[in-house]
1. Can you tell me how many residues within the range 102-130 are touching a Pro at 6+ places or on another chain (Cβ under 8 Å) and more than 19 Å from MET26 (Cα to Cα)?
2. When the range 53-71 is examined, which residues are found to be in contact with a strand residue (DSSP E or B) (Cβ under 7 Å, 6 or more places away or on another chain) and buried (at least 17 other Cβ atoms within 10 Å of the Cβ)?
3. So ALA22 passes all but one of these: (1) at pLDDT 85 or above; (2) in a loop (DSSP other than H, G, I, E, B). Which condition number does it fail?
4. Return only the number of the condition from (1) modelled with pLDDT of 95 or more; (2) over 20 Å from ALA17 (Cα atoms) that PRO85 does not satisfy.
5. Condition first: in contact (Cβ under 8 Å) with a residue 60 or more places away in the chain and either in contact with a strand residue (DSSP E or B) (Cβ under 8 Å, 6 or more places away or on another chain) or of a type outside the set (Gly, Ala, Ser) (or both). Now tell me which residues in the range 19-37 satisfy that.
6. Which condition from (1) in contact (Cβ under 8 Å) with a residue 40 or more places away in the chain; (2) more than 15 Å from the chain's Cα centre (by Cα); (3) in a loop (DSSP other than H, G, I, E, B) is the one that ASN40 breaks?
7. Do you know which residues across the range 43-57 are in a helix (DSSP H, G or I) and within 11 Å of MET25 (Cβ to Cβ)?
8. For VAL158, all conditions in the list (1) of a type in the set (Val, Ile, Thr); (2) modelled with pLDDT under 95; (3) part of a loop (DSSP other than H, G, I, E, B); (4) over 23 Å from ALA58 (Cβ atoms) hold save one; what is the number of the exception?
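The values are calculated or read from the model by the stated rules, or taken from the named source; none is laboratory data. Since the model is a prediction, treat every value here as computed from it, not as a measurement. Ideal geometry is used to build each Cβ from the backbone, glycine not excepted, and the neighbour counts take in all protein chains shown.
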Amino acid sequence: MIGLSNSENGIVSSIAATKRLARAMMVSGGEFSLILACCNCVERQQQVLNLLTEFSSADIHEILLSPAADTLYTAITTAIGATQPEALMVRGLESVVEINQLIISTNIMRDEFRKQFQFPLVLWVNDEILRKLVWLAPDFKDWAASTIRFDVPHNQLVEAEQQAISA
């Protein structure tokens, strides 16, 4: 019974977070905004993206970063060319080999994002990437209103596992 309750809570939580994401993209209204979507499971990201089509009519473009990506700005401009999508989702940050360098360069180039992109930019991050953004790109990270979470933070999972083991 507890498993079902937790599962139902997870579904309700995911739907609410997906609606928040759709609303955040809609509110942007053709201007740059940074939205951080935190999800520690890549499969869950895909589920959310599938669900998002039910809550948003926006033409959402998606970029999957290469592990060899060295700057976020260049990866985006190369992928979109001269087009300005209604919204852009960037996935794959967790697979970038030189992630620290990519994040530092993003912070340095942050003003170009506002100048060149007239759409909401959704960065899919996990807890580790989110921590790196806080430490390595605080100015860029501050542009995000709040982080929309799509799963339980890793430290809460560890605590729950430890409580279950000791019970």
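1. Matching residues across the range 102-130 total 2.
2. ALA58, ILE60, HIS61, ILE63, LEU65, listed by residue number.
3. Checking ALA22 against (1) at pLDDT 85 or above; (2) in a loop (DSSP other than H, G, I, E, B), the one that fails is (2).
4. (1) is the only condition that PRO85 fails.
5. The answer is ARG20, LEU21, ALA24, MET25, SER28, GLU31, PHE32, SER33, LEU34, ILE35, LEU36, ALA37.
6. Every listed condition holds for ASN40 apart from (2).
7. LEU52, PHE55 - these are the residues of the range 43-57 that are in a helix (DSSP H, G or I) and within 11 Å of MET25 (Cβ to Cβ).
8. Result: VAL158 fails condition (3) only.
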